[in-house]
Amino acid sequence: MSPTEFPHNNDNTVRLSKRLAGQLQCSRSEAELYIESGAVQVDGQTVEQAGARVGPAQVLTVTAGAKPEPVPPVTLLLHKPAGYSVQAGGPRSALDLLVPERWNQGDTPAPIRLLHKHFQHLECLEPLPVPASGLTVFTQDRRVARKLTEDVLYLEQECIAQVQGQLDAEGLERLCNGTAIPGKRLPRTKVSWQSDHHLRFALKGIYPEEIEAMCAGVGLKLLGLKRLRMGRISMAKLAEGQWRYAMPWERF
């Protein structure tokens, strides 16, 4: 039920959290925790907005066994299409793809209940350039944010680069030994051919946006870039534009 389906704010309506707090004889903050966790129904329909207005005739129920506990932070993994920015508010924002219709639930043995709370205060870590596609991470979890910030130089990222041009053995060695960009020394990189026009990069201490300059330094033109993996977490079966939850046991 959306907030617009509730009665308008007038003398006969109150905030859902206030009404629930009175009904359960609990604090307003505890009532909000019940609501945010998806445990509260208004006339049989789940409502997750604490500020929704309810009328005196509407019936509030709480899921049996529910506790007023904070919703645990989540990490969302998105297969970002090329041309999308990770910034909010733009005409092609990757955040607009984080909707229930694009959720890939897969065959996880520990299903997660989708909540409105999961899409609030998301931080994008190690964003891809707008022209690139592939694995993009959004998180609310401070531990994940710290890991991807403090240990980013030690985290291996796997990318596939679509290239145009000719590359000889010397050029491939320069890509691998970090001398592809004139005047700049990069860490050693694992680079190999995946197919005739696709190079596989396994990077540590190098940002994906540097791949274009690396390719240019050995006479190649970068036509497309896709990130497949960050650390131990891969994009796996996510189709372009789909997202999934990172499972509690997954580690970067």
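The values are calculated or read from the model by the stated rules, or taken from the named source; none is laboratory data. Please read all numbers here as calculations on a predicted model, not as lab measurements. Methodologically, a virtual Cβ is constructed for each residue, glycine included, from the backbone with ideal geometry; neighbour enumeration extends over all protein chains shown. Quick note on the areas: whole protein, heavy atoms, side chains included, nothing else; ligands and nucleic acids left out. Shrake-Rupley method; radii C 1.70, N 1.55, O 1.52, S 1.80 Å.
Quick rundown of the values:
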quantity	calculated
Complete set of residues in segment 149-187 that are part of a loop (DSSP other than H, G, I, E, B), touching a Lys or Arg at 6+ places or on another chain (Cβ under 8 Å) and either surrounded by fewer than 16 Cβ atoms within 10 Å (Cβ to Cβ) or touching a residue at least 60 places away in the same chain (Cβ under 8 Å) (or both)	LEU155, GLU156, GLY165, PRO187
Residue in segment 196-225 that is most open to solvent (accessible area, probe 1.4 Å), counting only those that are of a type in the set (Gly, Ala, Ser) and without any contact (Cβ under 8 Å) to a residue 40 or more places away in the chain	ALA216
Residue tally, condition under 20 Å from the mean Cα position of the chain (by Cα), on the phi < 0 side of the Ramachandran plot and either open to solvent by less than 40 Å² (accessible area, probe 1.4 Å) or aliphatic (A, V, I, L, M) (or both), over segment 55-83	10
Residues satisfying the stated conditions in segment 113-139, i.e. in contact (Cβ under 8 Å) with a residue 40 or more places away in the chain, open to solvent by 60 Å² or more (accessible area, probe 1.4 Å) and touching a helix residue (DSSP H, G or I) at 6+ places or on another chain (Cβ under 7 Å)	LYS117
Any hit, segment 100-112, residues being surrounded by 15 or more Cβ atoms within 10 Å (Cβ to Cβ) and aliphatic (A, V, I, L, M)	yes
Residue within segment 5-19 that is open to solvent by less than 60 Å² (accessible area, probe 1.4 Å), of a type outside the set (Lys, Arg), at pLDDT 95 or above and in a helix (DSSP H, G or I) present	yes
Qualifying positions in segment 226-252 - of a type outside the set (A, V, I, L, M, F, W, C), buried (at least 17 other Cβ atoms within 10 Å of the Cβ) and in a strand (DSSP E or B)	LYS226, ARG227, ARG229, ARG244, TYR245
Subset of segment 45-62 (residues that are in a loop (DSSP other than H, G, I, E, B) and of a type in the set (D, E, K, R))	GLU48
Counted residues, segment 63-106 - those being of a type in the set (D, E, K, R), touching a residue at least 40 places away in the same chain (Cβ under 8 Å) and assigned to a loop (DSSP other than H, G, I, E, B)	0
